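See structure below.
The values are calculated or read from the model by the stated rules, or taken from the named source; none is laboratory data. Model, not experiment: these values are computed from the prediction. In this analysis, Cβ positions are derived from the backbone assuming ideal geometry, glycine residues included, and neighbour counts consider all displayed protein chains. Ligands, DNA and RNA are excluded from the accessible area calculation, which covers all protein heavy atoms including side chains. Shrake-Rupley method; radii C 1.70, N 1.55, O 1.52, S 1.80 Å.
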Amino acid sequence: MLNKRLLFLALVLFSAVFNAIGEGDESDREQWIKRINVLTREVGNNIDSIQELANQHFVNCPLGEDEAAAYYQSFMAEVYYYMQDLDNSLKAYQASLRYFGNINDSSRFAVLYNNIGLIHYLRANYDSALEAYSHSLEHEKYDGNKEGIAQSYQNLGIIYGKWERYDQVYEYYNNALLIYDELGNHSAAADVNNNIAVIALRMQDSEKAFHHYKKAYDAFSAIGDEQKMATVATNLGRLFGTDKQYNRAQEYFDAALKVFTNLDDKIGLVHTYSMLGEMYLERGMVNEAIESYEQANFFNRKVGLREVQLDNLNELYQVYRQLGKYELANNVLEQSYALKDSIYNQEQLEKLIALEKKYHAEKGQKELVILKAKEERTRMYMWGISLFFLLLTVIVLIWVYVLKIKEKQRRLSMEQKVLRTQMNPHFIFNSLSALQCIIMENNKEDAIDFVADFSGLMRLVLQYAKEEHITLKKEKEILDRYMSLQNRRFDHQINYKIEFDEHIELENVLVPPMLTQPFLENAIEHGQLNEKNSYIHVNLRRKDDKLEFSVEDNGIGIKSSLAKGKSKKHKHKSLAVSLTHERLSLLNNKENRKDVTLKIEDLSAYGLKGTRVVFQVPFMTLN
């Protein structure tokens, strides 16, 4: 029942307002058209008075016979609609469409097709509604009317929602919302939010449904649209009834019934009483449920919403069976079968008529196409064979090229893994050197803590060494643990910190693992950071499509280090730097780009102490 009930509650856009005539000097004809457009737009405010004014206006009509008939039928279609006489409203819209076609005036086609689609939708003729809304969309696009395009998108979404094709539903609704937001049409955007809530509730997402219902209700409340507020209130009653919050549901249903009764909105009353009956039935309040369904059917006899009537008959059949009133149950069941057959037969007849019209219109053109096709078949056959072999050759060449690219990428990936494997023994050697210093000082507790921290660090290194990329959060964890271990050798004299650009998300940005660690190691081993104010600062920032790393210390500087260093130490430093430099070069080749760079400079050139290493890698994210 949920799937069947919810579509009531989609707010279908109904447009009867024609484009206004341009300003300036107006002929009698233009003034007359402008006046009838205003009357047509105001029908819903006071049907009897507006109709009397329109009848007087048609007495002095300066238009030709067909054009006058087109405007008259369009006006009467509005009258019938607000009287909720859907059959005559549909006939009048179709007649107006024919008359406008007779005078070759297509400017009204979009709005007429839109309203014809609405009537078919209310009568549960969804195939015909889809066809009419599609025609309306075509004309709105041709006219460049954004408001009309958005309305057509929304109405098409409602129809596809009936068939449970939710991907298309959301696509149409989102397209409509984008246009309404651009135009600042808050009322129409509220309609879309209401419809999205209908779909969310059908998919059993009550939280999302309530969010969108509330947005719609607040918007309608802000503009003072009581009728649409009542429609959303009915929807909220259905929502809270589904969640078994019956008191809140009853409040919304009562509020909606009050508004619909004051406005004499029979369609709203039909749907609200139907929903109320369903809630009573779920609560076991059988007599109240029967009374609500009877009220719905009473109003439905005047408007003819067949699908709602079918749903109510099915519910009443189950109620009467539970009560043991089998005669009443059988009578209701017979009505249900008859109504179901009526809907089915009418849909098939409409499809048959549409196919027959399409057949006669296309028959003559198909015969000409067949003749031309026979004349060109031989020539196209030869061209087809030639193109086939040409395409086959191109495909083979592309396939060979792709294989070469994949092989190159595989080789580069293997080289990266080999380099990372070479990095690990080098890193372990230096870490164990720090442990050796602690043991030589005969500090057992620090040694035990160091071994525990070292084992945790090694677990991270082994875990991430096989990865081509890891997140910045994981890279930072490795660096923090490494510096924590190394700082023990210097009685925590080294002030280490790592800073990030505020726009960088640590859990989302990807980097090659352990690119920064060798430069921290060189700063510690060769920078002679043995003063209390010694520091190592790491800074990361985004520069366009690159991620820039900067490692700076205030040691003796690279020039002094090279001058004072012994041969063995010099080689030790060169190994870490050369391995990292080679990894960066491989990244260039693998990414087929040249923006991975490495720069090492002595800060003495700026009147400062220390060394700064700057390198860049491509900016990558998990997305």
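With the condition kept exactly as written, say whether any residue in region 463-481 is hydrophobic (A, V, I, L, M, F, W, C), open to solvent by 40 Å² or more (accessible area, probe 1.4 Å) and part of a helix (DSSP H, G or I). Taking every residue of region 463-481 in turn, none turns out to be hydrophobic (A, V, I, L, M, F, W, C), open to solvent by 40 Å² or more (accessible area, probe 1.4 Å) and part of a helix (DSSP H, G or I). Taken together, the criteria exclude Glu164 from residues that are among the charged types (D, E, K, R) and part of a helix (DSSP H, G or I).
Can you find even one residue in region 59-81 that is at pLDDT below 90, more than 30 Å from Glu307 (Cα to Cα), under 39 Å from the mean Cα position of the chain (by Cα) and not in a helix (DSSP H, G or I)? No: region 59-81 contains no residue that is at pLDDT below 90, more than 30 Å from Glu307 (Cα to Cα), under 39 Å from the mean Cα position of the chain (by Cα) and not in a helix (DSSP H, G or I).
Here region 225-258 is the region considered, the condition is being open to solvent by 30 Å² or more (accessible area, probe 1.4 Å) and hydrophobic (A, V, I, L, M, F, W, C), and the residue that is farthest from the chain's Cα centre (by Cα) is Ala255. When Ala222 is tested against (1) among the small types (Gly, Ala, Ser); (2) open to solvent by less than 70 Å² (accessible area, probe 1.4 Å); (3) without any contact (Cβ under 8 Å) to a residue 60 or more places away in the chain, exactly one condition is not met: (2). Of Asn185, Asn194, Asn174, all but one fail to be under 24 Å from Phe240 (Cα atoms), polar (S, T, N, Q) and out of contact with any Lys or Arg (no Cβ under 6 Å at 6 or more places or on another chain); the exception is Asn194. So for region 553-573 (the condition being at pLDDT below 80, touching a strand residue (DSSP E or B) at 6+ places or on another chain (Cβ under 9 Å) and open to solvent by 50 Å² or more (accessible area, probe 1.4 Å)), does at least one residue qualify? No, region 553-573 contains no residue that is at pLDDT below 80, touching a strand residue (DSSP E or B) at 6+ places or on another chain (Cβ under 9 Å) and open to solvent by 50 Å² or more (accessible area, probe 1.4 Å). In region 488-497, which residue that is touching a helix residue (DSSP H, G or I) at 6+ places or on another chain (Cβ under 9 Å) and outside any loop (DSSP other than H, G, I, E, B) is farthest from Gln436 (Cα to Cα)? Filtering region 488-497 for residues that are touching a helix residue (DSSP H, G or I) at 6+ places or on another chain (Cβ under 9 Å) and outside any loop (DSSP other than H, G, I, E, B), the one farthest from Gln436 (Cα to Cα) comes out as Tyr496. Note on region 498-525: among residues that are part of a helix (DSSP H, G or I) and open to solvent by less than 20 Å² (accessible area, probe 1.4 Å), the one that is nearest to Ser604 (Cα to Cα) is Ala523.
Within region 278-287, being in contact with a helix residue (DSSP H, G or I) (Cβ under 9 Å, 6 or more places away or on another chain) and without any contact (Cβ under 8 Å) to a residue 12 or more places away in the chain holds for Met285, Asn287. Tell me whether region 148-156 contains one or more residues that are part of a helix (DSSP H, G or I) and open to solvent by 50 Å² or more (accessible area, probe 1.4 Å). No, because not a single residue in region 148-156 is part of a helix (DSSP H, G or I) and open to solvent by 50 Å² or more (accessible area, probe 1.4 Å).
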